[in-house]
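Here is the structure we will look at.
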Amino acid sequence: MRRLQLQLVAAVTGSLAYMSVGMAVLWNAPMVPRLQQNTSHIVLTADEASWMTSVPPLVGIVPNFFTGWLVQLVGPRRLLLCTALPFLVASLWQRFATTFGELLATGVIWGVGIGIVIPVSPQYQVEIAEDRVRGLMISMGMVMMGIGGILMTSIAPYVDFFTLCEVMLAIPVLFVVTFWWMPESPYYLVAKGRTEEATEALMRLRGKDSAKEVGDELQQILRSAEQRDRKGGSGTAEAFRELRRSAPARRALLVRIIQQRRG
C-alpha cells in the first residue's frame, strides 16, 4: 500500500473539485422552485428560471476551446487549483445577491468552473497514476460528483438559501487545503524540461526513496514526451492516448460524460 498511498490521496483530493461540480449541476432542482415563490428574497419568473437552468451548461462548453492551452501553460495541478476560484466567487456573490441578474452571473461563473474541471481533472489523474490503478483513480471524479449531488439534494430542502451558499463555499476551500500539497504531473514537468522535479514527483507519488527506483517509469515518460514533440502533440493529446491504452479508464470516463450530460 505504501506505493499507492500518495497517488491515491492525490486522486481523491484532486477529485474534490468534482464535488463542487455536482452541487452546482443539481442546484437548480431544489433552489429554482423555491426562488419562484413569492416569499423568496429574489422572485424569479418562469423565463428567468429557465435561464438559470440553461446558462451554466451552455457556458461550460466555452472553456473547452482553451483548456488545452492553459494546461500546457500552467500545468494540470495548478489549473485544477484555480478552478476553486469560480466556485468560491459564485457562491459568495450568490450569498449577497439581490437581483436576477446577479444570480444569472453566478451561473455563468459556475459554468466556467465546470467547463474546466471536467477535462482537467481526468487528465491529472491519468498522468499521475500507475497503469494498474488508473481506471480506479479516474472513476473517483464521478464518485465525488455524485457525492456533491447527494449533498445538494440532502441539504437544500432543510436549510435556507443563504446557509446553502455557505455550505457550497466550504467545498472549494476543502479542495484547496487538501490538494495544495499534491505534486504536479510528471508528464507536464518533463514536457517543460524539469526532469529533476519530475523525478521527485514520481518518487513522492510512488512512495520511493531513490531516483533509481522510478528510473524506468521516468524513461517511459521521457520517450512519450519525445514522441509527442515529434508528432506535434500536446499534454491533452497524451492524456487521451493514455485513456486509449486503459479500458477501465475509458469506461469510467464514458460513464462520467453521460452523467454530466444528464445533469
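What follows is calculated from the coordinates using simple rules that are stated; it is not laboratory data. Remember, it's a predicted structure, so these values are computed and weren't measured experimentally. Here the Cβ positions follow ideal geometry from the backbone for every residue, glycine too, while neighbour counts run over all protein chains shown.
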**Prompt:** Once amide H atoms are built 1.01 Å from N in the peptide plane, which residues 5 or more positions from Ala129, or in another chain, come under 5 Å H to H?
**Reply:** none
**Message:** Can you give me the angle between helix 161-179 and the longest principal axis of the chain, using Cα atoms only, in degrees from 0 to 90, rounded to the nearest 10?
**Reply:** 10
**Prompt:** Taking only C-alpha pairs under 8 Å that are 6+ residues apart, what is the relative contact order of the chain in percent?
**Reply:** 31
**Fill in**
Scalar couplings 3J(HN,Hα) for the range 100-113 by Karplus 6.51 cos²θ - 1.76 cosθ + 1.60 (θ = phi - 60°), nearest whole Hz, x for Gly and Pro, are 4, x, 5, 4, 5, 4, 5, x, 4, 5, 4, x, 4, x
**Sequence ranges 119-128, 74-83, 9-18, ranked by mean other-Cβ count within 10 angstrom, highest first** = 119-128, 9-18, 74-83
**Asked** So how tilted is helix 215-231 from the main axis of the chain? Cα-based, degrees 0 to 90, rounded to 10.
**Response** 70
**Message:** Can you give me the angle between helix 46-59 and the longest principal axis of the chain, using Cα atoms only, in degrees from 0 to 90, rounded to the nearest 10?
**Reply:** 10
**Item:** Added length on full extension, which subtracts the Cα-Cα distance from 0.36 nm per residue, Ala29 to Arg132
**Value:** 33.3 nm
**Item:** Inter-site label distance for Phe162 and Lys212 at 7 Å from Cα along Cβ, in nm
**Value:** 6.4
**Prompt:** From a point 7 Å beyond the Cα of Ser154 in the direction of its Cβ, which residues of the range 19-47 have a backbone N at a distance under 20 Å?
**Reply:** 19-31
**Complete:** Per GNM of the chain with C-alpha springs under 10 angstrom, the most fluctuating residue out of Phe179, Phe66, Phe162 is Phe66
**Request:** Counting helices only, and only those DSSP H runs with n ≥ 4, report the 222 nm mean residue ellipticity of the chain as the sum of -39,500 (n - 2.57) divided by its residues, in deg cm²/dmol to the nearest 500.
**Result:** -25000 deg cm²/dmol
**Item:** Ranked by how many other beta carbons lie within 10 Å on average, peptides 166-174, 137-145 from highest
**Value:** 137-145, 166-174
